[in-house]
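This report concerns only the one structure given below.
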C-alpha cells in the first residue's frame, strides 16, 4: 500500500512547480552558496530533490550535484528541466531511508520537507538524518528545513495554510494537531497534472529546536544552528520565533573553527 506522500507526488510535477512555496529557489541557493563560501569544489547531495529546482540552480552556478528522490514523476520533470537549463545534474530514484552513500559529499541539502519529516514514524525520520550524516565527508555540512513545532503551540496550522495559499495551490482541511506526538493530520486536496482530483490523508511531524539539536548531536554533528526559514530569504540573522512555520537548520560535523 502506498503512503500518502507517494500518492501525492504521482503525476504532480508541473503543478508542484507552480506551488507558491517553490518560488524562492534563487534566494535559497544564494544562502547555500554563502554557507559553502562559493567553493566550486564542494560536492552536493540534494536529498528529496523533487523536480530539481535547487539542484539545477546550483549546477548552473558551477557545483557538482546529485539529486535523489522517491518519486519517478518528480524525477522525470527534474531531468526535463535540467536538459533545458543545460545543467549536468545526476538524478537518481532512491529512498532517503536507504541511501547508498558513505562519506561522499561536502554538503547535503534537504529543503521543503521533501522527505524528513513526512515519514510514518519518528524512527524513519531519524533514519533519514542518519543517512544524510553518513553521506557526508568528515568535515561536511547539512542544511535542512523542517516544520517548526513551536508554531502550532501558538497558532492554527489550518489557518496558516489557508492564509498562505495562492490560487492553484493544494488545499488543506480537517487539521488536527496532536500535542503528545507533535503530528498534524490533515486532508489535502489537489488536482494532478492530468487534471485528476485527489483527496489524501496527510500525517506530518513537527519538531521543536531542542529535539532537532539532540537528534543531530547524537549523529556526530558538532554545531547545530537554527533560524527562521523565510521563503526565498534564508538568513542567519533570522532568529527563530513562534511565528515561523518552518525552521532552517545548519549543522556541521566539525566545530566552529573546523
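The values are calculated or read from the model by the stated rules, or taken from the named source; none is laboratory data. None of the values given here were measured: they were computed from a predicted structure. Counting neighbours? That spans all protein chains shown, and the Cβs are built from the backbone with ideal geometry, glycine included.
Points to keep in mind about this one:
- Among the candidates 43, 53, residue that is touching a strand residue (DSSP E or B) at 6+ places or on another chain (Cβ under 8 Å) and modelled with pLDDT of 95 or more: 43
- Some residue of segment 200-223 being exposed (fewer than 13 other Cβ atoms within 10 Å of the Cβ) and more than 30 Å from residue 134 (Cβ to Cβ): yes
- Any hit, segment 18-39, residues being more than 22 Å from residue 107 (Cβ to Cβ) and either over 16 Å from the mean Cα position of the chain (by Cα) or crowded, with 24+ Cβ neighbours inside 10 Å (or both): yes
- Criterion (touching a strand residue (DSSP E or B) at 6+ places or on another chain (Cβ under 6 Å) and in contact (Cβ under 8 Å) with a residue 40 or more places away in the chain) met by exactly one of 139, 106, 122, 184: 106
- Segment 210-258: number of residues that are within 17 Å of residue 29 (Cα to Cα), over 17 Å from the mean Cα position of the chain (by Cα) and touching a residue at least 12 places away in the same chain (Cβ under 8 Å): 1
- Spans of strands (runs of 3 or more DSSP E) in segment 101-220 with at least 1 residues modelled with pLDDT under 95: 171-178, 183-191, 197-205
- Any hit, segment 45-53, residues being under 22 Å from residue 118 (Cβ atoms), in contact with a helix residue (DSSP H, G or I) (Cβ under 6 Å, 6 or more places away or on another chain), touching a residue at least 12 places away in the same chain (Cβ under 8 Å) and in a helix (DSSP H, G or I): yes
- Residue check for residue 67: surrounded by 24 or more Cβ atoms within 10 Å (Cβ to Cβ) and either assigned by TED's automatic domain parsing to the domain that holds residue 234 or at pLDDT below 95 (or both): yes
- Residue that is nearest to the chain's Cα centre (by Cα), among those in segment 78-100 that are in a loop (DSSP other than H, G, I, E, B) and more than 26 Å from residue 4 (Cα to Cα): 89
- Qualifying residue in segment 48-58 (condition: surrounded by 20 or more Cβ atoms within 10 Å (Cβ to Cβ), within 13 Å of the chain's Cα centre (by Cα) and under 21 Å from residue 226 (Cα atoms)): yes
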